[in-house]
Structures are given as C-alpha cells and as structure tokens.
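The structure under discussion appears below in the form of structure tokens.
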Amino acid sequence: MAGNGNYDPSFAKEVFENVDSGEEIKMCMQCGICAGSCPLRHEMDYPPRQIFTLIRAGRRDEVMNSRAIKLCTSCYRCKVRCPRGIPVIDVMHGLAHYGIKKGIIPRKGTAAFGGEFWKMIYNIGRIDEKTLPLKYNLLEGLVPGIKSTLEMAPMGIQMFLHHRMKLLPERKIKGIKDLKKMLDKAKEMGKGGAS
Amino acid sequence: MKYFLYGGCSLEAGGKNYMVSLEPVCKALGMELEEIEDWNCCGASISYAGANELSIMTLNARNIAIAESTGGYDIVAPCSSCYIQLLKTNHELKEDEELRNKINVILKEGNLNFKGSLNVRHLMDVLYNDAGIDKIKSKTVKSLNGLKVAGYVGCQTVRPYGEYDSVERPKVHDQLLKAIGADPVPFPKKMQCCGSGIFLTELDRCLGLVKEILEDAIANGAQIISTVCPMCALNLEMYQDKVNAKFGTSFNMPVVYLTQLMAVAFGMDLKSEAALDYCVIPPEGIIKAAIGG
C-alpha cells in the first residue's frame with residue numbers, strides 16, 4: 001500500500017464525496033488550534049491540521065495510512081475550539097471509517113475493537129461489557145488472546161467482586177429485527193453507499 | 001418533575017454504582033425517572049470503526065423517537081458518552097430538515113418517527129438547574145465537612161455544545177460538590193480526556209493521560225475523585241495498577257460518582273444506596289472520616 005508519492009488531484013474530491021463530514025475540511029484555514037488542543041497530539045504522526053492539508057495536496061496514502069486518524073479519543077476539544085466551526089472529530093472518524101471500509105487499517109486494535117463493538121450492537125442492540133473484551137482479545141488468535149485475557153483478568157475479577165459485572169448474558173432487545181432493518185437502510189443511504 | 005432515563009449499557013455493568021446511587025438521590029429530590037422502553041446502545045465513541053454517521057445517528061434517533069411516542073418529558077442521560085450521542089443526534093436532526101427526512105425514512109422501517117419535541121440533558125444539568133443548589137443543600141443531613149474532592153468533568157460531559165456549563169471552565173460539578181459540604185479543589189486537568197473509548201486498544205498511549213489527571217488531583221490536595229461518567233470512572237479507577245506498573249507511581253486514589261457522594265450527604269445507606277462497596281479502591285475510610293461516623 002505504500003504510496004508512489006505522485007500528486008493525486010482526485011483525492012480531495014474522493015474525500016468530499018465518500019467520507020462522512022469530509023467536505024467540512026474546505027473551511028480549514030490551517031491555524032492549528034486542533035493540533036494544540038488534542039490530548040494525543042504527541043502520539044500522532046500528523047495532527048488534524050496536517051491531515052487536512054495532505055488531503056488538499058492529494059497525498060492519499062499518507063492520510064489513509066496515518067495513525068492519527070485512529071487515535072482520536074472523541075474528546076471534542078478540537079471541535080469546540082475550531083474558529084471555523086469544523087467538526088474535526090467527525091472528519092477524523094469519517095476518515096477512519098472510510099479507511100476500514102477500503103481495507104486500510106493502520107491501527108489494528110482500535111479497528112478490531114470498534115468492529116466487534118458495532119457487530120454486537122447490530123446483533124443484539126446493546127453492549128455486553130464482559131464478553132466484548134473477550135471477543136476482542138480472541139481476534140488476536142487463541143494463544144495471544146488467552147494471554148491478553150489473563151493480563152486483564154485481575155481487573156475483571158475485581159469488577160466481578162464489586163458487583164460491577166452483569167452475570168447474565170445480554171439479551172437481544174425486543175425490537176432487534178426492526179433495528180437491523182433500520183441499520184441496513186442507514187448503511188445503504190449513508191455517504192458513499194454500503195460498499 | 002418527570003424525565004425519561006437513558007441509562008445505557010455501562011450503567012448496568014461497570015458503572016452500576018452510578019445507577020444504584022442516582023436512583024435514590026433523584027427520588028429524594030423529587031425527580032421521577034422512567035426508563036425509555038426497549039432502548040438500544042447509543043454507539044458510544046468507537047462505533048465509527050464499524051458504521052457510518054447515519055447508522056450511529058439512527059441508533060440515537062430510535063431511542064429519542066421511542067421516548068417521543070410515549071411521553072413528553074426531557075431525556076436524562078447520566079453517562080456522558082450516551083449524553084453526547086443523543087444530544088448530537090437531537091441537535092442535528094432538529095436543525096437539518098433534509099437529514100431529518102432521511103432519518104425518518106430509516107425509522108419508518110420500525111414504524112417510528114423523529115419529531116424533535118424533546119430535549120436531551122445530562123444528569124448534572126438536571127441536578128443543578130431543575131433540582132437546584134438550595135434543594136440539594138436542604139436534603140444534606142450529613143455534610144461532607146470540607147472533604148477535598150477533585151471534581152473531574154472529563155470531555156463529553158460538557159463538550160461540544162456547552163448546554164449547561166462552560167466548555168473551557170466548567171463550574172457545575174464543583175457547585176454541586178459545595179452544596180453537599182465538600183471542598184472542591186482547583187484542578188486544572190479536570191477537562192483533560194481520560195482516553196475514553198480507545199483506552200483498551202491504545203493502553204500505552206492512554207495510561208499517561210490518566211497519570212497526569214491523578215497527579216494533578218493529588219498535587220492540588222484532593223483525597224478523592226468525583227466523576228459523572230462511567231468511562232472516566234473506569235479508566236481513572238481500574239487502571240491505577242497499570243499506571244503504577246508503567247510509571248513507578250503508587251496511586252491508590254478512590255474514584256466515586258458524584259451521586260454516590262450525594263447519597264452519603266443525604267444520609268442514605270452507605271452500601272445499598274451510596275454503593276460505596278462497589279468501588280474497587282475503597283472510599284469508605286475517607287468518607288466516614290469526613291462525615292464523622
């Protein structure tokens with residue numbers, strides 16, 4: 001997937017048309033307050049401001065393979081401070097989602113966890129806090145999955161001992177069939193369609 | 001005062017102490033809470049990995065539409081993540097007719113309709129603005145007698161809309177703490193993100209965030225941290241061992257929900273109502289010393 005570095009003028013258009021909230025970057029004036037406000041800016045390869053410029057410059061591979069677009073904690077500080085009113089967080093989430101749809105997954109853990117999270121909502125309508133981390137751990141494979149689970153076990157046991165684990169398996173909501181129909185429709189009607 | 005309650009997934013599990021304590025506290029303040037029937041998950045902060053914006057909005061529009069079809073009260077969300085997801089959907093659908101029409105085509109699959117007749121509010125908003133400081137003071141029979149509390153606000157509790165408090169310098173949490181006799185310490189990191197939904201998958205990157213918050217609370221004299229979000233509570237309390245292992249620190253700071261402290265101050269049972277025994281880092285000693293018993 002490594003880029004050839006060639007200028008690609010169609011990328012901004014691709015983002016505007018396919019990425020949720022992607023067109024919002026047109027308003028960016030490169031002030032950098034989003035970068036200065038981000039709690040994980042020091043962990044990002046490109047802060048949001050640079051991501052927006054790279055999109056305009058057509059640097060598709062750098063943007064789609066950046067770890068920045070998967071490191072958003074959804075704290076909304078960038079959004080409240082942006083003087084041009086850009087919902088920076090929504091753009092970052094949109095880019096991350098678009099990348100995953102296209103099979104470009106720079107931060108495997110978050111993509112896998114979020115994917116399992118969504119699957120559970122789609123299948124039962126709610127999140128079962130005790131099985132979700134297990135499912136996520138086992139995605140790594142059986143042996144590393146068991147290892148990760150054992151590392152997290154002391155925390156799980158403490159939660160259990162302090163009545164903070166729901167023992168019964170989470171049941172499907174009553175309206176799950178309708179919810180699925182709605183979510184299928186929402187997927188189809190969303191930006192860029194279902195594919 | 002009647003409200004719809006949207007408790008969400010966490011308040012039935014990891015954030016159970018929030019639910020156990022908020023119910024008697026709200027009741028004591030004359031607030032009646034009715035659960036939204038057959039609610040679904042709000043999508044939280046991480047669903048974008050598996051779904052587009054419209055799908056996540058659909059989750060929240062369904063919950064609001066169910067509430068709208070059964071009554072006309074405001075929706076109260078105690079979990080900051082649920083709150084922001086519901087609020088965002090409510091805002092955007094009320095403002096954007098085209099989007100609202102789109103969502104209503106989707107909701108029709110389940111014979112529901114979003115009208116935009118309700119407000120979505122955080123529990124803190126309702127405690128502060130509807131119940132009010134005077135009423136909370138009048139219910140306080142066991143003052144916390146100057147207990148030094150770090151009132152951690154977190155992110156999604158007030159950001160991005162700032163509906164009931166400043167997005168940069170919030171004061172509501174501290175005002176509520178003062179009303180029950182606590183002494184909220186100045187705490188610059190009260191708005192720093194705890195890592196939220198990516199904590200589990202980006203552990204090494206997020207432990208540092210929690211370390212900074214705990215350090216700041218302690219440096220400012222706090223004996224205990226108060227939160228109003230199950231994600232914040234989980235990350236701040238349950239990862240202290242991992243923070244200690246990574247940074248060589250020795251944090252052992254109790255983390256409770258604001259409603260647990262309120263239940264204590266209202267003279268309620270420390271276990272069945274204040275749910276203090278649900279905390280993994282025990283807060284009982286500090287709290288009992290403060291209330292004198």
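The values are calculated or read from the model by the stated rules, or taken from the named source; none is laboratory data. Nothing here was measured: the structure is a model prediction, and the numbers come from that model. Cβ coordinates were reconstructed from backbone atoms using ideal geometry, including for glycine residues, and neighbour counts include every protein chain displayed. Each accessible area value is taken on the protein alone, full model and side chains, heavy atoms only, with ligands, DNA and RNA left out. Shrake-Rupley method; radii C 1.70, N 1.55, O 1.52, S 1.80 Å.
Here is how the numbers come out for the structure above:
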quantity	calculated
Prolate/oblate/rounded label for segment A:112-187 (Cα gyration tensor, a/c 1.5)	oblate
Chains A and B together, accessible area buried on both sides, 1.4 angstrom probe, square angstrom	5900
All Cα pairs of segment B:141-291, percent lying beyond 23 Å	32
The protein assembly as shown - share of DSSP beta bridges that are antiparallel (%, nearest 5)	0
Residue-normalised accessible area of the protein assembly as shown, expressed per residue, 1.4 Å probe, Å²	39
Largest-first principal axis extents of the Cα set of segment B:207-293 (Å)	39, 24, 17
Cα point-scatterer Debye curve for segment B:2-123, base-10 log of I(q)/I(0) at q = 0.13, 0.19, 0.20, 0.22 Å⁻¹	-0.49, -1.00, -1.10, -1.29
Near-label residues of segment B:178-195 by backbone N, under 20 Å of a point 7 Å along Cα→Cβ of B:Ile218	B:184-195
Per-q log10 I(q)/I(0), chain A, q = 0.12, 0.13 Å⁻¹ (Debye; single scatterer per alpha-carbon; no solvent)	-0.74, -0.85
Distance-filtered residues of segment A:47-63 - backbone nitrogen under 15 Å, label point 7 angstrom along A:Glu14 Cα→Cβ	A:54-63
Per-selection Rg to Rh, the protein assembly as shown - Cα, Kirkwood hydrodynamic radius	0.96
Label-point separation, A:Ala153 to B:Lys271 (7 Å along Cα→Cβ), nm	2.9
Dipole in debye (nearest 20) - segment A:11-101, about Cα centre, beta carbon charges: Lys, Arg +1; Asp, Glu -1	260
Cα-derived Rg to Rh of segment A:24-103, Kirkwood definition	0.92
Approximate spin-label separation B:Glu163-A:Asp184, in nm, with each point projected 7 Å along Cα-to-Cβ	3.3
A:Glu140-B:Glu35 pseudo-label distance in nm [points 7 Å out on the Cα-to-Cβ vector]	3.5
Percent carbon-and-sulfur accessible area, the protein assembly as shown, ignoring ligands, DNA and RNA, probe 1.4 Å	51
Proximal aspartates and glutamates relative to B:Lys189, as straight alpha-carbon distance under 15 Å, when same-chain residues fewer than 8 apart are discounted	B:Glu168, B:Asp174, B:Glu212, B:Glu215, B:Asp216
Members of segment B:162-205 that become less accessible by 50 Å² or more once partner protein chains are added (1.4 angstrom probe, chain alone as reference)	B:Glu168, B:Ile198, B:Leu200, B:Thr201, B:Glu202, B:Arg205
Among B:Pro78, B:Pro283, B:Pro160, residue whose mean-square fluctuation peaks in a GNM of chain B (springs only between Cα atoms under 10 Å)	B:Pro160
